[in-house]
Amino acid sequence: MLSDRELRKIADEYGTPVFLFDTEALKARVAAMKEILGEKVTLCYSIKANPFLIPAMTESLEKLEVCSPGELAICEALQVAPERIVYSGVNKMPDDIREAMDYQAGIFTAESVHQFEKVHAEAKRRGIVVPVLPRLNGGSQFGMSKEDLLWLIGHREEFPHCRIEGIHYFVGTQRKKLSEQREEMQMLRALFDEIEETFGVRLRKLEYGPGLPVPLFEKDDFSDTLAPLKEVADAIREMAEWSELTVEMGRFYVTECGYYLTKVWDEKTANGTNYALVDGGMNHVNYLGQIMGMKVPVIRHLKAEENEGAGETKNWALCGSLCTTADVLVRKAPFTDLAMGDVLVFTNIGAYSVTEGIHLFLSRTMPRILLREADGTVRIARDFTETHPINTVQFR
């Protein structure tokens, strides 16, 4: 965890609002996860969680899951080795498939029979054979039914340019009832056995996303954030004994390494409520499950040197810079001597907020993005970026 002194120095030097990602902490977490799971389990990073951490993650684990043509373009720009890419995504268009094959992505997933057929058609046009993982439906719009999956395997000889190597299975994220993961792991083992008994083919690969939970808010348990992985590690290691197992996650890797720094620029009291206005807002901060500031994330209060208070603690509503009543980061949280010029650091924000926020709303400037390396060096991954050109009519 970065010290208050270092965070304040970064805010003073680089301005606010900024996202700051600690790559040293991230790499240490991935290393700890590898130690828990053992050598037989391959780790995959779903880059939608935070594409700015791709360089750090390519140093730390084996595979990256790419879910859109834009994400593929990012990987190309960063020269990610194509064999490391799992090309996923719910709506692969023919052009997307062509681009991924041009890049020689390591393996494709298929969300439906129709999508499988599109992948096969492009591979046939090129005269190549591509490895594919049909995705099994887990109760949402994602993936194909078991019936469709079995149909594909039963008719695999009709698709000679697609080699079905295994199954992709992911239900969702922040899943706290870990008994559910154990049950689905048993289901997957039974399914692999059923396929072998029915069709005489033993699938080799399984890409599995357990959707493990991470703590985000003040009342959550932060005593051991790797505890969910430790609890199901025995079952995951057992899966790696009967399959070539890849465990895919995003949020569970990167949440802890992220900070969002925003400065208090105005404060007032109205109708009995103390309001602090910051230079960021809900267009940047988007914790899973946070609704209109009703849940309080862990926020560190960094006082400006010139702000000397009397030690008075008050409840404050933290609001952003957008002209909407929805721009409430926290409805009620206590701070001592909160004053203009102070910096508030939202922690555990390494996943999703950097890309999920409604950054184009009101044409506000997008935050800087900083990467802190192991030697303490801070690098600008993306500078402050104006959005008004994107929101300006451009007749052609």
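Structural remarks
- Potential lengthening between Glu306 and Ala326 on full extension [0.36 nm per residue; Cα-Cα distance subtracted]: 4.0 nm
- Solvent exposure of the chain as accessible area per residue, Å², 1.4 Å probe: 46 Å²
- Within the accessible area of region 293-396 (1.4 Å probe), percent carbon and sulfur: 52 percent
- Within-10-Å neighbourhood charge of Ala304 [Cβ basis; K, R +1; D, E -1]: -2
- Simple spin-label estimate for Ile153 and Trp265 in nanometres, 7 Å along Cα-Cβ: 5.8 nm
- Of the accessible area of region 153-290, computed with a 1.4 Å probe over protein heavy atoms only, carbon and sulfur atoms account for 46 percent.
- Per-atom-type breakdown for region 21-70 gives carbon and sulfur 55% of the accessible area (1.4 Å probe, protein chains only).
- The H on the amide N of Met144, modeled in the peptide plane, is under 5 Å from the matching H of Arg135, Leu136, Asn137, each at least 5 residues off or on a different chain.
- Taken one residue at a time, the phi angles of region 294-308 give Karplus couplings (6.51, -1.76, 1.60, θ = phi - 60°) of 6, 9, 10, x, 6, 10, 9, 9, 10, 7, 5, 4, 7, 8, 9 Hz. Gly and Pro are set to x.
- Hydrodynamic radius (Kirkwood) for region 196-254, which is based on Cα pairs only, to one decimal in Å: 13.6 Å
- Set of lysines with alpha-carbon distance to Lys268 below 17 Å, sequence-local pairs under 8 removed: Lys314, Lys332
- Whole-number Å³ per residue for the convex hull built on Cα positions in region 253-360: 100 Å³
- Too-long pairs where the Cα-Cα distance tops 22 Å, listed order kept, from Lys40/Lys124; Lys146/Lys176; Lys34/Lys205; Lys63/Lys295: Lys40/Lys124; Lys146/Lys176; Lys63/Lys295
- The chain - mean residue ellipticity at 222 nm from DSSP helices (-39,500 (n - 2.57) per run, n ≥ 4, rounded to 500): -9000 deg cm²/dmol
- The residues packed around Gly200, meaning those with a beta-carbon under 13 Å from its beta-carbon, carry a net charge of -3 if Lys and Arg are +1 and Asp and Glu are -1.
- Using every pair of separate Cα atoms, the Kirkwood estimate puts the hydrodynamic radius of the chain at 22.9 angstrom.
- Burial order of peptide ranges 63-75, 174-186 (average beta-carbon count within 10 Å, highest first): 63-75, 174-186
- Each peptide among 132-142, 40-50, 254-264, 10-20 gets the average number of other Cβ atoms lying within 10 Å of its residues, and from highest to lowest they stand as 254-264, 40-50, 10-20, 132-142.
- Principal-axis tilt of helix 178-199 within the chain, Cα atoms, nearest 10 degrees: 20 degrees
- Ranked packing of 242-250, 191-199, most packed first, by mean Cβ within 10 Å: 242-250, 191-199
- Counting 0.36 nm for each residue step from Glu83 to Arg175 and taking away their Cα separation leaves a gain of 30.1 nm.
- In this simple spin-label model, placing a label point 7 Å from the Cα along the Cα-to-Cβ direction at both Gln394 and Arg379 gives a separation of 2.8 nm.
- Region 105-258: C-alpha gyration tensor shape, a/c 1.5 cut-off, then a/b vs b/c: prolate
- Computed over the alpha-carbon atoms, region 210-293 gives an Rg to Rh ratio of 1.16, Rh here being the Kirkwood radius from the mean inverse distance.
The values are calculated or read from the model by the stated rules, or taken from the named source; none is laboratory data. Not measured: the values here are computed from a predicted model. Note: ideal-geometry Cβ built from the backbone for every residue, glycine included; neighbour counts use all protein chains shown. Each accessible area value is taken on the protein alone, full model and side chains, heavy atoms only, with ligands, DNA and RNA left out. Shrake-Rupley method; radii C 1.70, N 1.55, O 1.52, S 1.80 Å.
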